[in-house]
Amino acid sequence: RGEPIGVVVNPLSQLRRVLFLAFMVMVVGVVGYRLTAQLSWLDALYMTVITLSTVGYREVMPDIDGDAKLFTIVLILGGAGVLAYSIKTVTEVLLDDATKHFFHQRSTLKRLEKMKNHYIVCGLGRVGKAVCEELLSEEVPFVIVERNQDMVRMAQERGWNVVEGDATEDRVLEMAGVERASGLMSCVDSDANNLLLIMTARAMSKDLVISARVSKDTNVPKFQRAGANNVYSPFSLLGRRMTRALTQPRVTELLDLALEESNYDLTIGEVAVPGTSDLVGQTLVECNFRARFGSVILSIIREDRTILHNPPANTKLCAQDILVVLGTPEQLQAIKLEFGIGKK
């Protein structure tokens, strides 16, 4: 228990053991009747079946001698023992949580084989759980990598895709589909494990966007050198958030409502301009973005990562521009539908 799925014992192996024992009893019975009663192979098989099944339909031996009688007694007792063991084993396999866990893991791995452009969340502590809930609310596909079996079962009960294992191992990340993933969130408690995880993931996927939590601010440069695109310190973020709530309460409240509240009528989102859009090459005035969609462009992030804050009206839109937009959820959904990236 607690080992990666690749080495979890298959509960069906116990059932195979039961079938093997039953087969061996049949072999012993056939060979025994063949030697003690000089029966043909077919008659020996017949006697073995009716003896073990306790049917006693019709014996093929008119005069059974002492050796055959003694062998029959041993065969019945041995068959009863195997039957009792079989019932015990099958009952344990069917009722054991490990069986449910095994098949859940196997079905998860089959789904992951077809999953792409998803996110991998490593570690299901308080930070990891919050990340998963946010991804779920955004309807973004994700898979969890967690080694603690209690956490794994909790994720399974919630219907989340989860792979049990150590996220610092190449094989586990491969099962999570790291080569096909868009991003990875390293939410492990230990900075040392987070650093090793970042290095492992970066070596396996050069284009993977990696975000990581860090406990000590002095480790931030190390995380960045290891390959993390974004590094966050929960304690530093909390300190800045509390300060802004005191110094800029109204701004903080507005951003909280726009970013955190799903039922609020104002939100901030981002959309990428596809190369096939008719907006490419037009200025903000020419495409009449505000009148067309009813939302406001706060910033434009170019493909080279340069950022245009509060872009002027004569700014031209380019393919693969990322628009940071302020509007209602319905307006943002309309923009995504226009760009062919939303759900109808």
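The values are calculated or read from the model by the stated rules, or taken from the named source; none is laboratory data. Given the structure is predicted, the values throughout are model-derived calculations rather than measurements. For neighbour counting, all protein chains shown are included, and Cβ atoms are generated from backbone atoms with ideal geometry for every residue, glycine included.
Restricting the first member to the stretch 213-238 and to residues that are among the polar types (S, T, N, Q), and the second to residues that are surrounded by 15 or more Cβ atoms within 10 Å (Cβ to Cβ), the beta-carbon pairs closer than 7 Å and six or more apart or on different chains are 215/191; 219/191; 224/231; 229/210; 229/211; 230/211; 233/214. Among the criteria (1) part of a helix (DSSP H, G or I); (2) at pLDDT below 85, the one residue 42 does not fulfil is (2).
Checking each residue in the stretch 135-175 for being within 25 Å of residue 195 (Cβ to Cβ) and β-branched (Val, Ile, Thr) picks out 143, 144, 145, 152, 162, 163, 168, 172. When 145, 152, 121, 162 are checked against the criterion of being under 13 Å from the mean Cα position of the chain (by Cα) and farther than 30 Å from residue 269 by Cα, a single residue qualifies: 152.
Could you check residue 233 against (1) exposed (fewer than 12 other Cβ atoms within 10 Å of the Cβ); (2) of a type outside the set (D, E, K, R); (3) assigned by TED's automatic domain parsing to the domain that holds residue 215 and say which number it fails? Failing condition for residue 233: (1). Scanning the stretch 165-176 for residues that are free of Cβ contacts under 8 Å to residues at least 40 places away in the same chain and within 12 Å of the chain's Cα centre (by Cα) yields a single hit, 174.
So which of 316, 336, 343 is among the basic types (Lys, Arg), under 30 Å from residue 133 (Cα atoms) and modelled with pLDDT of 80 or more? Unique residue meeting the criteria: 336. Flag: residue 215 matches the condition of being over 22 Å from residue 112 (Cα atoms), in the same structural domain as residue 135 (by TED's automatic domain parsing), over 12 Å from the mean Cα position of the chain (by Cα) and small (Gly, Ala, Ser).
Just to be sure before I move on: is residue 157 assigned by TED's automatic domain parsing to the domain that holds residue 232 and without any contact (Cβ under 8 Å) to a residue 24 or more places away in the chain in the structure I sent? Criteria met by residue 157.
Within the bounds of the stretch 199-209, is there any residue that is in contact with a Cys (Cβ under 7 Å, 6 or more places away or on another chain) and either outside any loop (DSSP other than H, G, I, E, B) or modelled with pLDDT of 95 or more (or both)? Among the residues of the stretch 199-209, not one is in contact with a Cys (Cβ under 7 Å, 6 or more places away or on another chain) and either outside any loop (DSSP other than H, G, I, E, B) or modelled with pLDDT of 95 or more (or both), which makes the answer no.
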